[in-house]
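Dropping the structure in here first, questions after.
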Amino acid sequence: MLERGEVANSWRRERWDSLRLLTPNWQSRLPGFPYRGTDPDGFMTMHEVVEHVSAFAAASAAPVRTHTSVTAVSRADGGYRVATDCGEIRCRCVVLASGAANIPHVPPLSQAVPKEIECVTPFDYRNPQRLPSGGVLVVGASATGVQLADEIHRSGRPVTLSVGEHVRLPRNYRGRDVLWWMERSGVWNQRYDEIDDIERARRLPSPQLVGTPQHTTLDLNTLRAAGVGIVGRLSMIRDGRALFSGGLANQFALADLKMDRLLATFDSWADGAALDVEVGPRERFEPTHAPAAPRLSLDLRSGEIRCIVWGTGFRPDYRWLGLPVFDHRGELRHDGGAVVGAPGLYAIGLPVLRRRKSTFILGAEDDARDIVAHLERHLAG
Ligand SMILES: Cc1cc2nc3c(=O)[nH]c(=O)nc-3n(C[C@H](O)[C@H](O)[C@H](O)COP(=O)(O)OP(=O)(O)OC[C@H]3O[C@@H](n4cnc5c(N)ncnc54)[C@H](O)[C@@H]3O)c2cc1C
């Protein structure tokens, strides 16, 4: 196992100070390594995640070579030649476990942002104190965007949040964490080859969730009530003006509809299941309230906004993978983790790789088992 940094590198280097997992502790189980702490329903801080992953590495005696960066992978003798900054390795199989979120995605329209505005990605962001004082535009309202909008707003800075397609979820449903429902109802276990539009499922944004000791729900109603300005999707920056889409009410209606459908799925599962725990009565939540007249543009040269935070997603970085295994969008072509056209090459940890839960910590175990079985068959010839 080659790791360019240290064990749990992304959790050590690429996250902001206040971040906690949005999955409860009991869900941070790794193969043969359940959460053993005293707060199963809490949410780990980054320090705790690093400890947890490091403890797993030690307990499993994983042969990790740290501070070893893979710089190139090419075909050689029916297998692969892996170049690293510590020498070369020849092997018959390679598993790409280099992560789904190596680079913050910033849309090309960002190039038109006036020079005087500071642009920050979630990898640069540590805490609000490091931002310039003044107004902040947060672009993107998925997990990262809503969490950063909330934290920056609490620091006293005026925040405007630009909202595109998003996934709304309550933190708790019928007295249980919503991710308990995702897991127990089987939704998270749904396999990639049972999903109608797998391309779309793989591109879905992360849910609007935050892990706090108070188990807070953080949705657009909460943010708006706290004073965060809500605008539509950032569609263009022209002559120093940010232009926002007017379809905010539609975006809200769609996200509310999808949330209600998911809750209805949970309800029908609960009706038919012999539950070993108690759940509360059915709930439905207030619709997301759209501002009566959302702003459609913002003059980025007026001084109102001093900083833009791009909460617009993350991408894997495969610049070192010199093989023809990418589609026209530059995405890895794989069939449930087996890379297409490259026998013996596998991926793990990507969105909906084999199951809806694939990109979460708890998704590793089942996916690893399937991929190792495939890999064994490959090695057996
Ligand atoms: C902001 C954020 C919040 C998240 N919150 C949660 C959460 O609450 N719960 C949850 O379950 N999941 C969460 N996730 C998803 C989370 O990243 C995954 O669950 C988990 O980290 C995936 O582990 P991984 O090993 O596949 O990827 P990573 O943790 O990204 O690990 C990949 C490793 O590969 C190394 N690497 C990359 N390229 C090379 C190279 N060329 N050579 C050598 N080494 C290399 C990196 O240094 C890194 O250590 C979150 C993700 C992000 C971005």
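Could you give every pair whose Cβ atoms fall below 8 Å, whose first residue belongs to region 354-380 and is aromatic (Phe, Trp, Tyr), and whose second residue is not in a helix (DSSP H, G or I), counting only separations of at least 6 or pairs across chains?
360/23; 360/188
For region 110-144, enumerate the residues that are touching a Ser or Thr at 6+ places or on another chain (Cβ under 8 Å) and outside any loop (DSSP other than H, G, I, E, B).
119, 128, 129, 135, 136, 137, 138, 139, 143, 144
If I filter region 325-350 down to residues being over 22 Å from the mean Cα position of the chain (by Cα) and outside any strand (DSSP E or B), which single residue comes out as farthest from residue 97 (Cα to Cα)?
Among those residues, the one meeting the criterion is 328.
Of these, 109, 30, 96, which one is hydrophobic (A, V, I, L, M, F, W, C) and closer than 30 Å to residue 176 by Cα? Full working, then the answer.
Working: 109 fails: closer than 30 Å to residue 176 by Cα; 96 fails: closer than 30 Å to residue 176 by Cα.
Only one candidate qualifies: 30.
What's the number of the only condition in (1) open to solvent by less than 40 Å² (accessible area, probe 1.4 Å); (2) on the phi > 0 side of the Ramachandran plot; (3) more than 16 Å from the ligand (Cβ to nearest atom) that residue 99 fails to meet?
(3)
Just the residues that are open to solvent by less than 10 Å² (accessible area, probe 1.4 Å) and of a type in the set (Val, Ile, Thr), please, taken from region 193-233.
Correct list: 228, 231.
With the condition kept exactly as written, say whether any residue in region 203-214 is part of a helix (DSSP H, G or I) and out of contact with any Leu (no Cβ under 8 Å at 6 or more places or on another chain). Show your work before the answer.
The initial filter retains those residues of region 203-214 that are part of a helix (DSSP H, G or I), namely 203.
Those left that are additionally out of contact with any Leu (no Cβ under 8 Å at 6 or more places or on another chain): 203.
Checked region 203-214: at least one residue is part of a helix (DSSP H, G or I) and out of contact with any Leu (no Cβ under 8 Å at 6 or more places or on another chain).
Here's another thing I want to ask about it. Which one of these does residue 362 not meet: (1) touching a helix residue (DSSP H, G or I) at 6+ places or on another chain (Cβ under 7 Å); (2) within 15 Å of the ligand (Cβ to nearest atom); (3) part of a loop (DSSP other than H, G, I, E, B)?
(3)
On to the next question. Go over the candidates 72, 59, 76, 55 one by one and state the one that is of a type outside the set (Ser, Thr, Tyr), under 29 Å from residue 346 (Cβ atoms) and within 11 Å of the ligand (Cβ to nearest atom). Step through it out loud before you land on a result.
On the way: 59 fails: within 11 Å of the ligand (Cβ to nearest atom); 76 fails: within 11 Å of the ligand (Cβ to nearest atom); 55 fails: within 11 Å of the ligand (Cβ to nearest atom).
Residue meeting the stated conditions: 72.
Could you list, ordered by first residue, the pairs with Cβ atoms under 6 Å in which the first is in region 108-130 and basic (Lys, Arg) and the second is at pLDDT 95 or above and open to solvent by less than 50 Å² (accessible area, probe 1.4 Å), at least 6 apart or interchain?
So the pair list comes out as 126/16.
Report every pair of residues separated by at least 6 positions or lying on different chains whose Cβ atoms are under 7 Å apart, first residue within region 298-316 and under 12 Å from residue 240 (Cβ atoms) and at pLDDT 95 or above, second among the hydroxyl-bearing types (Ser, Thr, Tyr) and outside any loop (DSSP other than H, G, I, E, B).
298/160
On to the next question. Report yes if some residue within region 10-19 is within 10 Å of the ligand (Cβ to nearest atom), within 29 Å of residue 311 (Cα to Cα), in contact with a helix residue (DSSP H, G or I) (Cβ under 9 Å, 6 or more places away or on another chain) and not hydrophobic (A, V, I, L, M, F, W, C); otherwise report no. Break it down into steps so the answer makes sense when it comes.
From region 10-19, those within 10 Å of the ligand (Cβ to nearest atom) are 10-16, 19; that's our starting set.
With the extra rule that they be within 29 Å of residue 311 (Cα to Cα), the set shrinks to 10-16, 19.
From what is left, the residues that are in contact with a helix residue (DSSP H, G or I) (Cβ under 9 Å, 6 or more places away or on another chain) are 11-12, 15-16, 19.
The next check asks that each one be not hydrophobic (A, V, I, L, M, F, W, C); those that pass are 12, 15.
Scanning region 10-19 turns up at least one residue that is within 10 Å of the ligand (Cβ to nearest atom), within 29 Å of residue 311 (Cα to Cα), in contact with a helix residue (DSSP H, G or I) (Cβ under 9 Å, 6 or more places away or on another chain) and not hydrophobic (A, V, I, L, M, F, W, C).
Something else: Would you confirm, using the coordinates I've provided, whether residue 32 is surrounded by fewer than 18 Cβ atoms within 10 Å (Cβ to Cβ), within 12 Å of the ligand (Cβ to nearest atom) and farther than 19 Å from residue 210 by Cβ? Write out each step before concluding.
Working: surrounded by fewer than 18 Cβ atoms within 10 Å (Cβ to Cβ): yes; within 12 Å of the ligand (Cβ to nearest atom): no; farther than 19 Å from residue 210 by Cβ: yes.
It is false that residue 32 is surrounded by fewer than 18 Cβ atoms within 10 Å (Cβ to Cβ), within 12 Å of the ligand (Cβ to nearest atom) and farther than 19 Å from residue 210 by Cβ.
Which of (1) part of a loop (DSSP other than H, G, I, E, B); (2) without any contact (Cβ under 8 Å) to a residue 12 or more places away in the chain; (3) small (Gly, Ala, Ser) is the odd one out, the single condition residue 280 does not satisfy?
Here residue 280 clears every test but (2).
I'm trying to understand the selection: among the residues of region 151-192, which are of a type in the set (Lys, Arg) and open to solvent by 60 Å² or more (accessible area, probe 1.4 Å)?
So the first thing to find is which residues in region 151-192 are of a type in the set (Lys, Arg), and the list is 154, 157, 168, 171, 174, 176, 184, 191.
Selection gives 154, 176, 184, 191.
Report, by residue number, each residue of region 234-251 that is open to solvent by less than 50 Å² (accessible area, probe 1.4 Å), assigned to a strand (DSSP E or B) and not hydrophobic (A, V, I, L, M, F, W, C). Outline the logic, then answer.
Let us first name the residues in region 234-251 that are open to solvent by less than 50 Å² (accessible area, probe 1.4 Å), namely 234, 237, 240, 242-245, 247-248, 251.
Keeping just the survivors that are assigned to a strand (DSSP E or B) gives 234, 237, 242-244.
If the condition is that a residue be open to solvent by less than 50 Å² (accessible area, probe 1.4 Å), assigned to a strand (DSSP E or B) and not hydrophobic (A, V, I, L, M, F, W, C), then no residue fits.
Out of the residues in region 234-249 meeting the condition of being modelled with pLDDT of 95 or more and of a type outside the set (A, V, I, L, M, F, W, C), tell me which one is nearest to the chain's Cα centre (by Cα).
If we take residues in region 234-249 being modelled with pLDDT of 95 or more and of a type outside the set (A, V, I, L, M, F, W, C), then 235 is nearest to the chain's Cα centre (by Cα).
Follow-up question, since we're still on this one. Restricting attention to region 137-186, which residues are more than 27 Å from residue 127 (Cβ to Cβ) and acidic (Asp, Glu)?
165, 183
The values are calculated or read from the model by the stated rules, or taken from the named source; none is laboratory data. The structure displayed is predicted, hence computed values, not measured ones. Backbone-built Cβ (ideal geometry, glycine too); neighbour counts: all protein chains shown. Surface areas here come from the heavy atoms of the whole protein model, side chains and all, with no ligands, DNA or RNA. Shrake-Rupley method; radii C 1.70, N 1.55, O 1.52, S 1.80 Å.
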